[in-house]
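Notes follow once the structure below has been shown.
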Amino acid sequence: MEQPNATSSNYDHFMIYIPSNTFDSQCDESDNGHEADFETKFSLNEFDNDFVDTWSFINFPIIADTDVTSDEFIGEMRHFSNEQKSFVCECHEIISPNRPEQAQQQLLSEIIQFVHQANLNKTTTSSLLSLLRSIRNSKVNEIPKTADNLWRLLNIKFNYQIFYYCSSCFLNLENYQETCGQCKLKHKSNSELYVFSLSDEIKRVVLSNMDVIRWYSSPSHQIAADIVNWKFYRKGSTNQPRLSLLLSTDGKPIIKSKKTQTSVWPILSFLAEIPPPLREHINNILLLGLWHSPTTPPSSLLLNKIVDNIKLLIATGINIAQNDQLIQFSVTVQLFNGDLPARAKVNNMVNHNGYYACSRCLLEGKRCAKPCGRHTLYTWKDFVDNPPKQRTAKHIENCAKQISSSIPKVFGVTGFSSISALMSIPEQSVFDYFHLILEIHFRYLLQHWYNIIKQDSVTLSRIDQYLSEIRYPHSFNRQPRSFDNHNKWKASELRCLMIYTMLPVLVKLRLNAPYCFPGVYISHFLFLFTYVRVLRHFDHRDEIRDMPQFIHVYLRHFADLYECCKELFSVHALIHLWQQVEEHGGLAYHSLYASESCLQVFEKLAHGSVVLGEQMAFWWCIYRQIRSREVHYCSKLLTDEYFIHDNFFDYDGLKNYNQEFILMFNKIFGQFPNSSLKYHARYQRGLITYHSLMYTRRFNSNSYSVCVKNDNDPMKLLFSYGEIVFFFYFNDEPFFFFKRYMRSQKRFSSLVNPIEQIPNWNFYVDKYHLPSYFLHTKSMANNSTNSMTPGRMRKVSRLTTNTQPVALAYDDYESDDGGFDENYPVMRDVSLYPHQPRHVSNQSMQAMRKDVNYYTPQLKRKRQEESSLQSFADTFKEQIDTIRLMLKDINQKVDVVHQKEEVLEKKIDVLDKNMSGVISKVNKNPTPCEPPASLEVMANLKLEPISTKYLTADIWFFGQTSDIYQHI
């Protein structure tokens, strides 16, 4: 499991690679067999644009990294600010609407949108339609007279049943305004339950996704960490096409006034056969039922009717007709997911603060010691000293049979659960990592760390500075803000911090200010990070078997580092996540990010304060049916790759790289670039968009730093890291000009000491954090690397530039609020122009330099160009002579720079000695936060603050777009 070490090398970096058809669009640390894994990996580094050392033309695959699991990319896809807009702008060719009589359908859709936004009732809607009909110049053949005619014309079916209940005794009522005969309460509004036709919802979604369902049924297209490759899904595998339901529910307040407070509880479902991230797009969500009430619903009242509908379809299957072909699908239930209160309600078990709250084991829990005595603790010590038995479905059923009026609960079971008729509660009732880890546990860790350093304004400003320096991919619409406001961070910000940036930020903080934060917390958090990151998305099944030891170490030391009263059920539940992953796949593929985002949609569907549930159900039917008929998803959306044609190419910036590009182009292809070259700033592969340095609208985002697969690397490092300068076609093949980062022998794991030694801990840490970007500055001073001139050697120059950590790029996928989730860099809302960008030939590049200057990025100097170099000669001999003159002059300048550098190095060494003496005196003072004496503290690393001033940019190469491995 050892990762190839990244070292500097002296071999010839000017490489050309055979075009490869391998297309590893993998997710999160991708590997063979994960072509469709959309979890884009974003490894952090500490470099700014200038900190690179190799330049090449690449003709091998860019591999789409991916921490873009379903939970992220989907976030970006599941919302959109305008319900009538397509969720993809740049992939409009792939989502193909089917709109007969397009002009009329478009007008009717706009009318519907206005009716909803203006909150018109039936009477005012009819008045609006009458006004429109009176317009003589209307180009539409027929405008309906009434609202009912409008729905009929658009073939909208309101396929749900309505039930009303008393909000106190839950007696069934005839209508919403009726007063309960038993309670006779008038101050509390009644409850509404809407049960939708499951067969109609399934048909609506399947007909829009038939092509991608067929495509994803092939094992070669499936994501290894996805649900479809794991125990419970494969247990029910047959030759017949199947549809597996992923059920979930959660509550959300709609009216927050104390007197009239109400909440909504939708019962949602997703189809496991639709590939992520399309699976969780809002068009593909099935609404099975909806409860709106001032009170939370009883489990039986909420689920009984829905369970009966599901049982009927499980028994009979469902027939779906498409293109005169009838396909019969079997229907199964894969799992149920919810936050801790929702799981307790649906499972009919005690809440998370009671005894025997765990649905996976029989750990009893105990009350914390006085004077507190308010918490039910599930301690690691109790779990180890008296290992609890595992729950089974039969055990839960036997407990439910023993319940009576005198025995309200047995081993935490409070009654029969409705969903037990569909699935096994211990194994198929799963935890949601979004709520369990991010919203509960990680928030507590952040608060505890904040309490340690909140009095140190310098440390807080350092953390804010580190967070602000990170440049994220363009799809990360939400980024962690000021650490002072961590308690207000959204879930997508917590995910970004936990999965990508928290560990590097803490390590960098300790390196630059060793005494501002106890290193033992980093050494401890290291195990939780690895546990969550691997279980969320992984490449190999063997990785799951390593995870129990990580969580055991974390829980073993948790009570010593944090408050003993915080060993709650939410901490204990972490130990069962690896078992859940073995049964249902990666945590990201059955999280509640999409469900939580959908709650925001329901809130926007209703107006006012009366019968809000009916408004939600009514407008859900209208929007989802219209949208599902307009949009059909096809497999090309996930597989197509192409350059994006637009006018956002920086031709002025191209001049800065003109010299290197011409030299490399001649070396690789044996000729100079001509007018046939077509330059592009962006590249689309499936749902992932890659930028380049020449993209003028990238602003502060970083979607151009990538990991490139390099099978021809003589050092057998396999991957190269760097920046895409631009894309181009040559001989009808796609290439990109690549600026490669320098490699280091240092690993990220060398910067931390685990709180306890376990096998393979450093492998996982290095896997998720690039080893080459935290460098010991002195150790790099004497290293040498290839200069931009073949055969010429020179020392690494001291580049002075602010450190700019390059951030993650994965996820090109979701938008949490308004168009796709937060952390997926998918399709962006960029205008596309029909014409090609202008092409630059070799002669036109020379003509651009009116001042007869050329620019050498490695030396950061401009010089006057000799008259003999003003243009390339017609003959090949004259061209070679020109290149020789240029190289000779460059080498002379390099020698002068090195002489000056040696003098500067001596002065810096003297300054380092003086500073070390001052630091040793300062460090004699006591530290503000002493860690527990019994635990091993993070070692005092003999590393200077992170710096990149010893990195150089001197070698370039070409590559083919199919070898881009991932963003970094």
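The values are calculated or read from the model by the stated rules, or taken from the named source; none is laboratory data. Small disclaimer: the values here were computed from a predicted structure and weren't measured. We place every Cβ from the backbone using ideal geometry, glycine too, and count neighbours over all the protein chains shown. What goes into the accessible areas is simple: the full protein's heavy atoms, side chains included, and nothing from ligands, DNA or RNA. Shrake-Rupley method; radii C 1.70, N 1.55, O 1.52, S 1.80 Å.
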message = Between residue 240 and residue 316, what is the label-point separation in nm under the 7 Å Cα-to-beta-carbon projection?
response = 1.4
task = Take the Cα atoms of segment 521-677, find their three principal axes, and give me the spread along each one in whole Å, biggest first.
result = 70, 53, 30
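Could you pull out the pairs from 188/258; 305/604; 709/739; 186/258 whose alpha carbons sit more than 18 Å apart here? Each step should come with its number before you reach the end.
Values: 188/258 11 Å; 305/604 26 Å; 709/739 14 Å; 186/258 16 Å.
Result: 305/604 exceed 18 Å.
For segment 433-584, what is the per residue volume of the convex hull drawn over the alpha-carbon atoms, in cubic angstrom?
Working: hull volume 18.7 nm³, N = 152.
Per-residue hull volume (Cα only) is 123 Å³.
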query = Using a simple spin-label model with points 7 Å from Cα along the Cα→Cβ vector, what separation in nm is obtained for residue 296 and residue 121?
reply = 3.5
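Please calculate how many Å² of accessible area segment 433-584 carries per residue, with a 1.4 Å probe and no DNA, RNA or ligand atoms counted. Don't skip to the end; give the middle numbers.
Details: 4290 Å² over 152 residues.
About 28 Å² of surface per residue is accessible.
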remark   = So, with points 7 Å from each Cα along the Cβ direction, the residue 325-residue 155 label distance in nm works out to 2.0
message = Looking at segment 188-253, I'd like the Rg to Rh ratio, where Rg is from alpha-carbon atoms and Rh is Kirkwood's inverse mean 1/r.
response = 1.10
query = If you project the alpha carbons of segment 640-741 onto the principal axes, what extent comes out on each, in Å, largest first?
reply = 38, 31, 27
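In segment 640-741, what percent of the accessible surface is made up of carbon and sulfur (1.4 Å probe, ligands and nucleic acids excluded)?
Details: 1430 of 3230 Å².
Ligands and nucleic acids excluded, carbon and sulfur give 44 percent.
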key: Hull-based mean projected area of segment 216-351, where the convex hull spans the alpha carbons, in square nanometres   = 10.6
message = What FRET efficiency comes out for residue 187 versus residue 484 if R0 is 30 angstrom and r is the Cβ-Cβ distance? Round to the nearest 0.05.
response = 0.10
inquiry  = Suppose all protein chains stay in the model; what accessible area per residue would a 1.4 Å probe give for segment 640-741, in Å²?
reply    = 32
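Counting only C-alpha contacts under 8 Å and six or more residues apart, can you give the relative contact order of segment 640-741 as a whole percent? Numbers along the way, then the final one.
Details: 164 pairs, mean separation 25.5, N = 102.
Contact order relative to length: 25 percent.
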